[in-house]
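Since the structure comes first, as structure tokens, the remarks are kept for the end.
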Amino acid sequence: MSATVRPQEPALQETGLMVDRLGKTFPGRGMPTVAVDNVSFAVAPRQVTILLGPSGCGKSTVLRMIAGLDTPTSGRIVLNGVPVTGPNRDRGMVFQGYTSFPWLTVRRNVAYGLRINGDAIALAEGAVDYFLDRVGLSRFADAWPHQLSGGMRQRVALARALATTPQLLLMDEPFGALDSETRWQMQELLLDVIRKERMTVIMVTHDVEEALLLGDQIIFLSSHPGRVKTVLHPPFKQDAAISTREELRAHPRYAGMERDILRMMREEAAH
């Protein structure tokens, strides 16, 4: 397992994402709740970063602050040299729940972000059809969301986020509601799309296998309040041949890394 990396004050980056001493405190009737404390990490362009840790460690809170949906109590977030102060089309978001608009067809769901942003050029150049093909939904372009399975509805959400060509794709446990077979199929699809589109991604998950398959780096957060406990750099994506669950499990380093992460999970849960 990689050595522990302690939170530091990162230098301002012109490219990629910088999270610098991020904190979030929620007010309450009694004592305020410190959800996230002094979290720092960097994400390089075309890198997949996984936020991993025990339940309640603040993974989704960190992601929502990067998305601009929550405001940090302290610290800063900088994307490609520009401070994050709220939502913006430079960040696309895929949630755990199914977010398709039931009154729109698959094609119109995917085109929704482009239309509200007035991106007529992308619409005219076939961006919607391109990403429908990327996620394997070309044959269902004129279907309605209620006619699709859960996995297919998440493909719609992924295509909609990709169609706006965000600088950073944010994913909050996007496959958490799927059955196990559909989940690993979606993981492999996402891995293929990430490689072909050369994307920068931050993803929240509680699934260790998913983290090791998809992640270039794993930011492991401690139990409440969330702090960076360690940063791991799985070797698996460096081998272009590894693109499936079976290949991942057969890798000689997989079992040891999985065991170490599960041990950390148990230790943090005990706290």
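Answer yes or no as to whether Gln13 is surrounded by 15 or more Cβ atoms within 10 Å (Cβ to Cβ), of a type outside the set (Gly, Ala, Ser), outside any strand (DSSP E or B) and modelled with pLDDT under 95. Even if it seems obvious, please write down each step before you answer.
On the way: surrounded by 15 or more Cβ atoms within 10 Å (Cβ to Cβ): yes; of a type outside the set (Gly, Ala, Ser): yes; outside any strand (DSSP E or B): yes; modelled with pLDDT under 95: yes.
Here the answer is yes, as Gln13 does meet what is asked.
Evaluate region 195-202: report whether one residue or more is modelled with pLDDT of 90 or more, in contact with a helix residue (DSSP H, G or I) (Cβ under 8 Å, 6 or more places away or on another chain) and among the basic types (Lys, Arg).
Within region 195-202, the subset modelled with pLDDT of 90 or more is 200-202.
After this cut, where a residue has to be in contact with a helix residue (DSSP H, G or I) (Cβ under 8 Å, 6 or more places away or on another chain) as well, the list is 201-202.
Still in the list and also among the basic types (Lys, Arg): none.
There is no residue in region 195-202 that is modelled with pLDDT of 90 or more, in contact with a helix residue (DSSP H, G or I) (Cβ under 8 Å, 6 or more places away or on another chain) and among the basic types (Lys, Arg).
In region 243-254, the residues that are assigned by TED's automatic domain parsing to the domain that holds Val193 form Cβ pairs under 7 Å with partners that are assigned to a loop (DSSP other than H, G, I, E, B), at six or more places apart or across chains, as follows: Glu247/Ala241; Leu248/Ile242; His251/Ile242; Arg253/Pro235. Does Gln217 satisfy being free of Cβ contacts under 8 Å to residues at least 40 places away in the same chain and either more than 19 Å from Phe175 (Cβ to Cβ) or assigned by TED's automatic domain parsing to the domain that holds Val43 (or both)? Taking the combined requirement at face value, the residue does not satisfy it.
When you go through Val228, Val135 one by one, which is the residue that is under 18 Å from the mean Cα position of the chain (by Cα) and under 30 Å from Thr33 (Cα atoms)?
Working: Val135 fails: under 30 Å from Thr33 (Cα atoms).
Testing whether each residue is under 18 Å from the mean Cα position of the chain (by Cα) and under 30 Å from Thr33 (Cα atoms) leaves just Val228.
Within region 52-99, the set of residues being in a strand (DSSP E or B) and touching a strand residue (DSSP E or B) at 6+ places or on another chain (Cβ under 8 Å) comprises Leu52, Ser74, Gly75, Arg76, Ile77, Val78, Leu79, Pro83, Arg91, Gly92, Met93, Val94.
Out of the residues in region 153-185 that are in a helix (DSSP H, G or I) and in contact with a Pro (Cβ under 9 Å, 6 or more places away or on another chain), which is surrounded by the most Cβ atoms within 10 Å (Cβ to Cβ)?
Checking each candidate, the answer is Gln154.
Can you tell me which residue in region 192-201 is nearest to the chain's Cα centre (by Cα), limited to those that are more than 22 Å from Val106 (Cα to Cα) and either among the hydroxyl-bearing types (Ser, Thr, Tyr) or surrounded by fewer than 20 Cβ atoms within 10 Å (Cβ to Cβ) (or both)? Applying the filter and picking the extreme gives Thr200.
The values are calculated or read from the model by the stated rules, or taken from the named source; none is laboratory data. Computed from a prediction, not measured in an experiment: that's the story for all the values here. Quick reminder, even Gly has a Cβ in these numbers, built from the backbone with ideal geometry, and neighbours come from all protein chains shown.
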